[in-house]
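K.L.:
Could you have a look at this structure, given as structure tokens, before my questions?
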Amino acid sequence: MTYSRCKVAGTLFFIAVAQFILGIIIAEALYPGYSVHDNYISDLGIGPSSMIFNSSVFLLGTLILVGAYFLRNISKFKVVSMLLFLMAVGAMSVGIFTENSRGVHGAAALIAFIFSGLSTIASFRILEKPLSLVSAILGVVSLGALVLYLGGFITSGSLTSNEALDSNLFLGLGPGGMERMIIYPALIWLAGFGGHLVTHQEI
């Protein structure tokens, strides 16, 4: 029974990541003049690609939420499943409350960012090497990028602006690039974690 729950959760996590990455690629291609450097990821949710992006990020959260539900009663994965649950709520809210709902959207994105990074780091104690080490590194990169992003977001004046303003804290990546350094490491981890769960055989 434990094995089947892990397998379902792992499959859902992998599908969640795959469809979201493809969704972002398609949304970026359909958004005229979109810049990975200069635009926020969430700009995709209010432009011509809004239906694709909002559906994809909502589905990302939904699949993670269901996967976390399957892990909730397995003691080894309880902490990670709780963190993933919170990440999922944030992701789903991002898909519902677009940038036009500035305050709510920002809070939802922050929840997704924080708990995706924490989930990645928390898995260090339940995974075997070398995957545990890779997870820890990805988690540190994600949360480190979040700190730089928030610092740059505040000091550049973006907090009170409707435009994405650049900052030295973005390390030349721009606001959009630094955002991706928050979420992509966590997504890479989630896909790997999903693969681990599919082959997990704990009884």
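K.L.:
Which one of E163, E99 is crowded, with 18+ Cβ neighbours inside 10 Å, more than 15 Å from the chain's Cα centre (by Cα) and within 26 Å of M51 (Cβ to Cβ)?
P.N.:
Working: E163 fails: crowded, with 18+ Cβ neighbours inside 10 Å.
That would be E99, the only listed residue that is crowded, with 18+ Cβ neighbours inside 10 Å, more than 15 Å from the chain's Cα centre (by Cα) and within 26 Å of M51 (Cβ to Cβ).
K.L.:
Quick check on this structure: which one of A145, A136, A122 is more than 22 Å from G177 (Cα to Cα), free of Cβ contacts under 8 Å to residues at least 60 places away in the same chain and over 12 Å from the mean Cα position of the chain (by Cα)?
P.N.:
Values: A145 fails: more than 22 Å from G177 (Cα to Cα); A136 fails: more than 22 Å from G177 (Cα to Cα).
The match here is A122.
K.L.:
Could you grab me the full set of residues in the range 143-174 that are among the hydroxyl-bearing types (S, T, Y) and touching a Ser or Thr at 6+ places or on another chain (Cβ under 7 Å)?
P.N.:
Going residue by residue through the range 143-174, those that are among the hydroxyl-bearing types (S, T, Y) are 149, 155-156, 158, 160-161, 167.
Result: T155, S156, S167.
K.L.:
Please go through the range 37-71 and give me each residue that is over 15 Å from the mean Cα position of the chain (by Cα) and in a loop (DSSP other than H, G, I, E, B), ordered by number.
P.N.:
Correct list: H37, D38, N39, I46, G47, P48, S49.
K.L.:
Which number in (1) crowded, with 19+ Cβ neighbours inside 10 Å; (2) closer than 25 Å to V141 by Cβ marks the one condition that M82 misses?
P.N.:
(1) is the only condition that M82 fails.
K.L.:
Further question on the same structure: Applying the selection to the range 121-165, what residues are aliphatic (A, V, I, L, M) and not in a helix (DSSP H, G or I)? Let's see the steps before the verdict.
P.N.:
In the first step, residues of the range 121-165 are kept if they are aliphatic (A, V, I, L, M); the result is 121-122, 126-127, 131, 133-134, 136-138, 140-141, 143, 145-148, 150, 154, 159, 164-165.
Passing the criteria: I126, L127, A164, L165.
K.L.:
Which of the following residues is under 21 Å from A186 (Cα atoms), aromatic (F, W, Y), in contact (Cβ under 8 Å) with a residue 60 or more places away in the chain and surrounded by 22 or more Cβ atoms within 10 Å (Cβ to Cβ): F20, F53? Before the answer, list the steps.
P.N.:
Details: F53 fails: in contact (Cβ under 8 Å) with a residue 60 or more places away in the chain.
Just a single option satisfies the conditions, and that option is F20.
Where a number appears in this text, it was derived from the coordinates with a stated rule and is not lab data. The structure displayed is predicted, hence computed values, not measured ones. Ideal geometry is used to build each Cβ from the backbone, glycine not excepted, and the neighbour counts take in all protein chains shown.
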